[in-house]
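S.K.: I am attaching a structure below and will ask some questions about it afterwards.
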Amino acid sequence: MSTSQPSPGTPEARPAAADVARRQADAIAARVRPPRFPDREFPITAHGAVGDGRTDCTAAIRAAIENCAAAGGGHVTVPPGRYATGAIRLRSGVDLHLAAGATLAFSRDPAAYLPPVLTRFQGVETYGYSPLVYAHGERDIAVTGEGVLDGRADETHWWTWSGQEEFGWRPGMPQQEDDWPDLWRQAERGDPVEQRVYATGRHFRPNFLETYDCRNVFIEGVTFVRSPMWVMHPVLCENVLVQNVTVDSIGPNNDGCDPESCRDVVIRGCTFNAGDDCIAIKSGREADGRRVNVPSENILIEDCEMRHRYGAITLGSDMTGGIRNVFARRCRIGGPGLYFGLYIKTNSVRGGFAENIQLDDLTVTHLTKEFVTCDFYRGEGDTGGYPPRVTKIGVRNATVGRARRAVLAQGYPHAPIRDLTLADCAFGELTEADRLAHVEGLALENVVRAGQTAGEAGAR
């Protein structure tokens, strides 16, 4: 005997779906825990660092980290002061702790970020300039405290490489797009990563903090300003907790936090005033993403504030390896410079999948574009051989004051977007009608637009 079940869009199914999502989110929150460190301190000033803003403290910070790791771990402490430094490399068992009033001021000289290290640039593995703070293959690492990490990027240092005149670039100046075709071709033809070296004489900006193939990563309390490119970039990591961090960096491609091909990630209580997407979940790009083929999964975003600039919560556009099980709850979103609420970016060139993406209890003040956007025709459109799969997208208990549209969702005729649900959502001022094409299983339940309730829209 078979038993019929309510369809996902019916009122009797909605509480069950919401409860399942909440239980899944709670399980991630319970599973992701910060590492513990021995109660030992290694002040950088005891290793020769001087907080005068001029003395190069790179060697002193390195010595403190190496001694801490050799002793079995502990806290490398940065006292109040301004400490000039080049690249910092974390080691297993080390918590880099910045006291209130402490600032790490990073060099603007690209030579300070050599030799090249394994990194990802726009979803493609390469050997490039070291991120300002970097770890590779480590476990139990942290950057904590109340201090500031200052990347010192501006319209004359790092940002010009973006190729954007808004950030100081002028015709004839070098930029990253001069080098990108070479890296892309190497990735497409499968050249070994060791042969993809893009540092001296090249113009790929380093990310601020990158942990590569690490376990048990903890970032708490600190403030990031003036990043060269993406701010926090965990790659191929497991058990990552980003908590009570402030990103105040409105430069080109200054994404706030970009977990890429990571598992079990919690981003909690953070404030993002970013120059690009606030949180952008990624999993590699095109041929290189298919080669590595590791999704991002089991990610919880809670109690965060996203103020600026493009997407508050973004999936892609480097999502070839796929993204699943993403939950966001109790977040505050909006500002005159913020475009999208949930922004899913892919097409048949990038491919990949997004499944089981669930947002709950969002307060949105002002967006300049859509609250939810998933448009397969963005960028290269339908010109590739890898149609994406997007399914089980749910938004519940959201209040949106102002936006251009509630939803822009456009799949392909041969690869529709499936199972998109908005439930118990209220929209104030919307200036344009929703745009929907090739969406199967669209459900609108108790969705209020300017005081009027919208019913279930069905398949389109």
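S.K.: Find, to one decimal place in angstroms, the Kirkwood hydrodynamic radius of segment 44-129, where the mean of 1/r is taken over every pair of different Cα atoms and then inverted.
M.R.: For segment 44-129, inverting the mean 1/r across all distinct Cα pairs yields 13.7 Å.
S.K.: While we're on this one: Between segment 64-101 and segment 347-417, what's the alpha-carbon centroid distance in Å?
M.R.: The distance from the Cα centre of segment 64-101 to that of segment 347-417 comes to 41 Å.
S.K.: With the dipole of the chain worked out from charges on the C-beta (+1 for Lys and Arg, -1 for Asp and Glu) around the Cα centre, which of Gly316, Ile61, Leu359 lies farthest toward the positive end?
M.R.: Projecting each Cα onto the dipole axis, the largest value belongs to Leu359.
S.K.: What's the magnitude of the charge dipole for the chain around its Cα centre, counting Lys and Arg as +1 and Asp and Glu as -1 at the beta-carbon? Answer in Debye, nearest 20.
M.R.: Details: 50 positive and 59 negative charges, 68 e Å.
It works out to roughly 320 debye.
S.K.: Under 13 Å Cα-Cα from Lys392, which aspartates and glutamates qualify once same-chain neighbours fewer than 8 residues away are excluded?
M.R.: The reachable aspartates and glutamates, counting only those whose Cα sits under 13 Å from Lys392, are Glu355, Asp419, Glu440.
S.K.: Write down the percent of antiparallel bridges among all DSSP beta bridges whose residues are both part of the chain, to the nearest 5.
M.R.: Taking every DSSP beta bridge within the chain, about 5 percent pair in antiparallel fashion.
S.K.: Which value in deg cm²/dmol, rounded to the nearest 500, describes the helix-derived mean residue ellipticity at 222 nm for the chain, given -39,500 (n - 2.57) per DSSP H run of n ≥ 4 and division by the residue count?
M.R.: -3000 deg cm²/dmol
S.K.: I've got another one for you. Work out how much length Gln164 to Glu188 would gain on full extension: take 0.36 nm times their residue separation and subtract the Cα-Cα distance, in nm to one decimal.
M.R.: Result: 6.0 nm gained on full extension.
S.K.: Let me ask you something else. Using 7 Å Cα-to-Cβ label points, what is the Glu155/His366 separation (nm, one decimal)?
M.R.: My value for the distance between the label points is 2.4 nm.
S.K.: By a straight-distance test (C-alpha under 21 Å), which lysines pair with Lys369 as possible cross-link partners, with residues fewer than eight away in the same chain excluded?
M.R.: Lys345
S.K.: Here's another thing I want to ask about it. Viscosity 1.002 mPa s, temperature 20 °C: what is the translational diffusion coefficient of segment 171-220 from Stokes-Einstein with a Kirkwood Rh over Cα pairs, rounded to a whole number of µm²/s?
M.R.: Once the numbers are plugged in, D ends up at 160 µm²/s.
S.K.: I would also like to ask the following. When N is the residue count of segment 199-338, what does its C-alpha Rg come to as a fraction of 2.2 N^0.38 Å?
M.R.: Expressed relative to 2.2 N^0.38 Å, the Cα Rg reads 0.97.
S.K.: Just the Kirkwood number for segment 300-349, please: inverse of mean 1/r across all distinct Cα pairs, in Å, one decimal.
M.R.: In segment 300-349 this quantity evaluates to 11.8 Å.
S.K.: Please list, short to long, the whole-number percent of alpha-carbon pairs of segment 181-279 in consecutive 10 angstrom bins beginning at zero.
M.R.: Once binned at 10 Å, the Cα pair distances of segment 181-279 give 15, 40, 32, 13, 0.
S.K.: Can you tell me the mean projection area, over all orientations, of the convex hull of the chain's alpha carbons? Units nm², please.
M.R.: 22.9 nm²
S.K.: Select from His157, Ala30, Ile344 the residue farthest towards the positive end of the dipole of the chain; place +1 on Cβ of Lys and Arg, -1 on Cβ of Asp and Glu, and compute about the Cα centre.
M.R.: Of the listed residues, the answer is Ala30.
S.K.: Starting from the 7 Å offset along Cα-to-Cβ, what nm value, one decimal, do you get for the label separation of Arg31 and Ala46?
M.R.: Those two pseudo-labels are separated by 3.8 nm.
S.K.: Continuing with the same structure: How would you order 88-99, 157-168 from highest to lowest mean count of nearby Cβ atoms within 10 Å?
M.R.: Details: 88-99: 22.6, 157-168: 19.6.
Top of the packing list down: 88-99, 157-168.
S.K.: Which residue, chosen from Val78, Ser283, Ala450, occupies the Cα position most advanced towards the positive end of the dipole of the chain, where the dipole is computed from +1 (Lys, Arg) and -1 (Asp, Glu) charges on Cβ about the Cα centre?
M.R.: Towards the positive end, the residue furthest out is Ala450.
S.K.: I would also like to ask the following. Tell me, what does the Kirkwood hydrodynamic radius of segment 331-460 come to in angstroms if you use every pair of distinct C-alpha atoms?
M.R.: 14.7 Å
S.K.: Can you grab the distance from the C-alpha centre of segment 175-198 to the C-alpha centre of segment 272-313, Å, no decimals?
M.R.: Taking the Cα centre of each part, segment 175-198 and segment 272-313 sit 22 Å apart.
Every number in this text was worked out from the coordinates using simple rules, so none of it is lab data. Keep in mind it's a predicted model, so treat the numbers as computed, not measured. Ideal geometry is used to build each Cβ from the backbone, glycine not excepted, and the neighbour counts take in all protein chains shown.
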